[in-house]
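Below you'll find the structure, written out as structure tokens, and then a few comments.
The values are calculated or read from the model by the stated rules, or taken from the named source; none is laboratory data. Please read these numbers as outputs of a predicted model, since none were measured by experiment. Glycine also receives a Cβ, built like all others from the backbone with ideal geometry; neighbour counts cover every protein chain displayed.
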Amino acid sequence: MRTVVMRVNVDPAGVLTSERLREGMGALRGFIADIGAEIVDNDLEARPSGRRELELLITCDGVEAAKQTAIDLCAKAFDTTPVAGVVTFISRGTDDDAYGVLSAFGVTGEIVRQHDDDGFDIVYVTLREADLERVPESRIHTALEASLNCEVRIRTR
């Protein structure tokens, strides 16, 4: 499973008072504890009106489910109509991260991790040739290396 960084503007209309923002954050902390999520500390009161965006870290299999969960919890905590922002991922260099990158490109593959003579990881990714006709290998390769922080070698079948 991957960890999604879900950004949510909890007060797009900019109408919440400082007190209401504090109450909402307190309620949200309780709600997310139930699902094992985390809040990245952010002083919402100091943010400009209309740009009161927080970040939730949610471990999940699907981005859409995480997005809906974040929106629902924020709506309940702040009694507003929150707006989802940019979604990114925390990468720990795991095979789950590699599979997530492949999924984002709409491809599937086999991943094998080996160590070289110096003890560094080399990740071999086997993809279908048909997938590489649709998505450039260089894009997949770059995204995998950035996510895994190791050497990646792509093979085809």
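Summary of values
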| quantity | calculated |
| --- | --- |
| Residue check, Asp41 out of contact with any strand residue (DSSP E or B) (no Cβ under 7 Å at 6 or more places or on another chain), at pLDDT below 95 and either within 30 Å of Asp97 (Cα to Cα) or of a type outside the set (A, V, I, L, M) (or both) | yes |
| Qualifying residues in segment 85-108 (those that are closer than 29 Å to Glu53 by Cα and among the acidic types (Asp, Glu)) - the one surrounded by the fewest Cβ atoms within 10 Å (Cβ to Cβ) | Asp96 |
| Given (1) surrounded by fewer than 16 Cβ atoms within 10 Å (Cβ to Cβ); (2) modelled with pLDDT of 95 or more; (3) closer than 17 Å to Arg2 by Cα, number of the condition Asp61 does not satisfy | (2) |
| Single condition Asp118 does not satisfy, out of (1) more than 14 Å from the chain's Cα centre (by Cα); (2) surrounded by 12 or more Cβ atoms within 10 Å (Cβ to Cβ); (3) over 23 Å from Ala27 (Cβ atoms) | (2) |
| Residue in segment 123-136 that is surrounded by 13 or more Cβ atoms within 10 Å (Cβ to Cβ) and small (Gly, Ala, Ser) present | no |
| Flag if Cys74 is within 13 Å of the chain's Cα centre (by Cα) and in the same structural domain as Leu16 (by TED's automatic domain parsing) | no |
| Segment 142-157 - residue that is assigned to a loop (DSSP other than H, G, I, E, B) and in contact with a Gly (Cβ under 8 Å, 6 or more places away or on another chain) and, of those, surrounded by the fewest Cβ atoms within 10 Å (Cβ to Cβ) | Asn149 |
| Matching residues in segment 73-100 - criterion: being β-branched (Val, Ile, Thr) and modelled with pLDDT under 95 | Val86, Val87, Thr88, Ile90, Thr94 |
| Residues being assigned to a helix (DSSP H, G or I), touching a helix residue (DSSP H, G or I) at 6+ places or on another chain (Cβ under 8 Å) and not small (Gly, Ala, Ser) - total across segment 44-82 | 6 |
